[in-house]
Amino acid sequence: MSTIIVTGGAGFIGGNFVHYHLKEHPEDRIVCIDKLTYAGNLSTLASVMNNPNFRFVKLDICDREGIFKLFEEEKPDVVINFAAESHVDRSIEDPGIFLQTNIMGTATMMDACREYGNIRYHQVSTDEVYGDLPLDRPDLFFTETTPIHTSSPYSSSKAGADLLVMAYFRTYGLPVTISRCSNNYGPYHFPEKLIPLMIANCLNDKPLPVYGEGKNVRDWLYVEDHCKAIDLIVRNGSVGEVYNVGGHNEMANIDIVKLIIKELGKDESLITYVTDRKGHDLRYAIDPTKIHNELGWLPETKFADGIKKTIKWYLDNRSWWEEIISGEYQKYYDKMYGDSNNGDYL
Ligand code: NAD
Ligand code: TDX
């Protein structure tokens with residue numbers, strides 16, 4: 001039995017990981033740390049709150065004293081750091097908190113790992129650290145040796161954290177691994193991100209704000225496949241290594257939006273082209289050969305099935321996302337998109 005500290009477990013991927021891990025490895029104890037920012041929802045963890053092998057602690061990963069105290073108490077075997085400010089658009093509006101949480105928080109967690117017995121540390125990173133690829137070169141992919149070349153304050157803060165993780169490996173011998181995954185989708189995805197935003201707006205017959213011409217390409221992976229990859233890396237990965245995670249499922253944003261409209265039986269007249277994101281990355285595409293060859297990982301959920309499952313989840317769990325969009329998040333939405341009917345069209 002191991003004790004695993006999972007940070008950011010009230011968020012999208014961390015929450016899915018908590019559910020996945022408790023199901024697959026019921027002998028392990030999970031201690032979830034989350035600051036419960038706007039993106040953290042305790043309702044995501046409601047069904048495991050009474051599990052004797054689960055503990056939730058409301059804590060900021062930058063709170064050094066609180067983190068060290070928790071390590072002293074729990075004596076974890078493994079730390080998996082999901083906690084982050086994760087939305088590119090918010091990082092463009094206000095970079096400061098991204099540097100604080102994503103870089104300083106990572107340093108704090110690794111310092112605690114060093115202090116309490118050189119604990120195994122996994123950093124959940126992103127393909128965005130590699131920058132972007134051109135739309136007219138479908139032969140190009142990100143490998144683990146692609147140079148770091150970031151575009152947004154978000155991706156720069158994630159890249160800064162990755163560099164720090166590798167520095168802790170080399171300088172202190174901390175046993176670290178890093179995963180760099182492509183775009184995830186699935187249950188509990190906060191409705192500020194493309195897929196859940198489009199599902200929620202479609203269901204409410206609201207305009208669907210597509211940035212630019214909708215031609216930017218993302219490489220989508222069902223969240224459970226990401227959770228499986230992280231579990232494999234933590235168990236069998238080599239320390240000091242980076243693993244790219246992605247399922248060769250590239251799609252243009254506009255095609256995703258049209259697919260959601262079709263699945264929900266709505267009309268394409270809901271599509272509203274709005275001003276493009278500043279510095280908008282054109283295309284992400286992961287080469288997952290290393291994790292496949294070394295750890296035998298392969299994605300299991302095909303996009304056609306995963307998107308249907310995801311839409312069904314949002315239909316079956318309306319209260320989860322309706323609560324979010326009726327609260328504080330609405331202020332952000334109004335600031336970002338205004339009244340899309342009068343917005344800045346292309
Ligand atoms: P999310 O925004 O849904 O969740 C982040 C969670 O972290 C929230 O519960 C939030 O409350 C918590 N948090 C934020 N700041 C904190 C702090 N200072 N201390 C403690 N908790 C804090 O994000 P997500 O989409 O689940 O992403 C999780 C991780 O995966 C991030 O590190 C992100 O960079 C990475 N990632 C995301 C994707 C994606 O498609 N969503 C893809 C690749 C990598
Ligand atoms: O309203 C929108 N309209 C739109 O056209 C939103 C929110 C997004 N988009 C576009 C921008 C991107 O090209 O859709 C694409 C996906 O956007 P996001 O959902 O914001 O994701 P992205 O910027 O690709 O970043 C995501 O994947 C990598 C996660 O949010 C990051 O945390 C992760 O690291």
Quick tally, 1.4 Å probe accessible area for L42, L164, sorted with the most first, runs L42, L164
With label points set 7 Å from each Cα along the Cα-to-Cβ direction at H280 and E144, the distance between them in nm comes to 3.4
Once the dipole of the chain is set up from charges on Cβ (+1 Lys and Arg, -1 Asp and Glu), the residue from the list L282, I80, F190 lying farthest towards its positive end is I80
Whole-number percent relative contact order across the range 216-339, with pairs defined as alpha carbons under 8 Å at least 6 apart
37
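In the structure displayed, which of K206/K262; K193/K258; K35/K206 lie more than 27 Å apart, Cα to Cα?
K35/K206
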Reachable aspartates and glutamates from K69, Cα under 14 Å, same-chain residues fewer than 8 places away excluded?
D60, D111, E115
Return the aspartates and glutamates within reach of K58: Cα separation strictly under 13 angstrom, same-chain partners fewer than 8 residues apart disregarded; answer none if there are no such residues.
D34
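Between K335 and N50, what's the calculated FRET efficiency when r is the beta-carbon distance and R0 is 45 Å? Round to 0.05.
Working: r = 38 Å, r/R0 = 0.84.
That pair, K335 with N50, gives E of 0.75.
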For the range 223-232, just list the computed ³J(HN,Hα) in residue order, Karplus coefficients 6.51, -1.76 and 1.60, θ = phi - 60°, integers in Hz, with x standing in for Gly and Pro.
4, 5, 5, 5, 4, 4, 5, 5, 4, 5
Whole-percent carbon and sulfur contribution to the accessible surface of the chain (1.4 Å, no ligands, DNA or RNA) stands at 50
Among G306, G212, G40, the residue with the largest mean-square fluctuation in a Gaussian network model of the chain built from Cα contacts under 10 Å is G212
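For the chain, what is the mean residue ellipticity at 222 nm derived from helices alone (per DSSP H run of n ≥ 4: -39500 (n - 2.57); sum divided by total residues; nearest 500 deg cm²/dmol)?
Details: 12 runs with 135 residues, N = 346.
One gets -12000 deg cm²/dmol as the mean residue ellipticity at 222 nm.
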Rounded to the nearest 0.05, what FRET efficiency do K308 and Y172 give with R0 = 35 Å and r taken as the Cβ-Cβ distance? Could you check?
0.15
K69 versus E322: modelled label distance in nm, points set 7 Å from Cα along the beta carbon direction:
3.9
Dividing the mean separation of Cα pairs under 8 Å (6+ apart) by the residue count of the chain yields a relative contact order in percent of 17
Taking amide H atoms as placed 1.01 Å from N in the peptide plane, list the residues 5 or more away in sequence, or in a different chain, whose amide H sits under 5 Å from that of L208.
I271, T272
How many Å² of accessible area per residue for the chain, probe 1.4 Å?
42
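If I stretch the segment between H25 and T289 completely, what's the gain in nm (0.36 nm per residue apart, minus their alpha carbon distance), one decimal? Don't jump to the answer; show the numbers that get you there.
Working: separation 264, 0.36 × 264 = 95.04 nm, distance 2.63 nm.
That works out to 92.4 nm of additional length.
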List the lysines whose Cα sits under 17 Å from the Cα of K228, skipping any in the same chain fewer than 8 residues away.
K23, K290, K302
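Suppose every K and R has +1 on its Cβ and every D and E has -1 on its Cβ; what is the size of the dipole of the chain about the Cα centre, in Debye to the nearest 20? List each step's numbers first, then the result.
Working: 35 positive and 50 negative charges, 65 e Å.
That gives a dipole near 320 debye.
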Defining a contact as two alpha carbons under 8 Å apart and six or more residues distant in sequence, what relative contact order in percent does the range 7-120 show?
28
Rank V223, V129, V57 by mean-square fluctuation in a GNM of the chain with C-alpha springs under 10 angstrom and give only the top-ranked residue.
V57
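The values are calculated or read from the model by the stated rules, or taken from the named source; none is laboratory data. These figures come from a predicted structure and were not determined experimentally. No Cβ is skipped: glycine too gets one built from the backbone with ideal geometry, and neighbour counts run over all protein chains shown. Only protein heavy atoms, including side chains, enter the accessible area calculation; ligands, DNA and RNA are left aside. Shrake-Rupley method; radii C 1.70, N 1.55, O 1.52, S 1.80 Å.
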